[in-house]
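Below is one structure; the comments refer to it alone.
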Amino acid sequence: MRVLVAGATGVIGNRMVPLLTAVGHDVVSLVRPGGAGRTLAKAGAEVVTADALDREGLRRAVREAAPDAVVNMLTAIPATIDPKRLSRDFTLTNRLRTEGTRNLVDAADGARIISQGLAYGYQPGEGLADEDAPLWRTGTPREFVPVLDALVELERLTARAGGLVLRLGHLYGPGSIYSADGSFTRQVRAGKVPLVGGGHAVFSFTHADDVAAAVAAALDKDDVTGVLNVVDDRPAPLHEWLPAFTGILGVRAPKRAPAALARLAVGSWGVAFMNELRGADNARARLRLDWRPRYASVLEGFAADLAAEAAGS
């Protein structure tokens, strides 16, 4: 199958392009002007250049590629995010998820669409959320509203095209904020990530390799549409996985901070992020895609990735 990957130079794309090529797909990588096309070419992918926000330029590039399927992994998320300025830091990503997705769907001209969504936008509540659970529309932190609005529009556009949205958890793996040299890991090593207000948020994680594997599985199943939670098997509350992560790193356990005090530093979104997120259930993705995460829990994945990075350094 001829597959166009939009966002091929990101954390996911760097793992996905070689995998899709290895399993026999004819991969075309869409990169922005000045992007890392040469590296992708070495991985066996063709490269076309266009800005996803340039409607006519994108249309020409996609028509030239003539894909059977388009994988939409378009984001522009900064390496370090200020939770008090989340909407500002996600401005370009929000545009890519709305305007960029609209342009990509229109240019795809009937090709299968698989898009990247998020699995931590569910309304807080008890237990793990399946795909039918409501999104976070009540008591939503102000900074998260435009991010969620953009995701809803991405899902609407993908559904209109008869496509599939993979709702991903917190992304980890090589090149992510959780890698050995990632921004989150550096902050943890420096003791700058406290447990705020008890750390009750439940985190579902997704390894970049698992996203690649899920996309590969989805490409073989044309009848799978809608939304699927592509996350690990065992979501964990922050107050469990963060201390365990510091143990893996061999640094001091996180300090505790009251929510009222932390709100001054990280805002309402930062406090909610650490205390209200609801984990997601992956049963539907396991069944419909015949997919399994490489690591059942993020702690297994953290340990394996950090060990591999240390061995390769």
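The values are calculated or read from the model by the stated rules, or taken from the named source; none is laboratory data. As the structure is a computational prediction, the values presented were derived from the model and not from experiment. Glycine also receives a Cβ, built like all others from the backbone with ideal geometry; neighbour counts cover every protein chain displayed.
Scanning region 1-46 for residues that are assigned to a loop (DSSP other than H, G, I, E, B), more than 20 Å from the chain's Cα centre (by Cα), under 19 Å from residue 63 (Cβ atoms) and modelled with pLDDT of 90 or more turns up just one, 1. Every test in (1) closer than 21 Å to residue 157 by Cβ; (2) among the basic types (Lys, Arg); (3) modelled with pLDDT under 95 is passed by residue 95 save one, and that test is (3).
Can you give me the ranges of the helices (runs of 4 or more DSSP H) entirely in region 123-224 with at least 3 residues that are within 15 Å of the chain's Cα centre (by Cα) and among the charged types (D, E, K, R)? Before the answer, list the steps.
On the way: elements: 145-160, 183-189, 208-219.
Result: empty, no element qualifies.
With respect to the conditions (1) in contact (Cβ under 8 Å) with a residue 60 or more places away in the chain; (2) farther than 24 Å from residue 9 by Cβ, residue 139 falls short on a single one, namely (1).
Considering only residues in region 56-67 that are touching a residue at least 12 places away in the same chain (Cβ under 8 Å) and surrounded by fewer than 17 Cβ atoms within 10 Å (Cβ to Cβ), the one that is farthest from residue 154 (Cα to Cα) turns out to be 64. Just to be sure before I move on: is residue 109 at negative phi, out of contact with any helix residue (DSSP H, G or I) (no Cβ under 7 Å at 6 or more places or on another chain) and in contact (Cβ under 8 Å) with a residue 40 or more places away in the chain in the structure I sent? Judged against the criteria, residue 109 is not a match.
Is it fair to say residue 70 is more than 19 Å from the chain's Cα centre (by Cα), in a strand (DSSP E or B), crowded, with 21+ Cβ neighbours inside 10 Å and in contact (Cβ under 8 Å) with a residue 60 or more places away in the chain? Before the answer, list the steps.
On the way: more than 19 Å from the chain's Cα centre (by Cα): no; in a strand (DSSP E or B): yes; crowded, with 21+ Cβ neighbours inside 10 Å: yes; in contact (Cβ under 8 Å) with a residue 60 or more places away in the chain: yes.
When the stated conditions are applied, residue 70 does not pass them.
Scanning region 258-313 for residues that are of a type in the set (Val, Ile, Thr) and touching a Gly at 6+ places or on another chain (Cβ under 8 Å) yields a single hit, 271.
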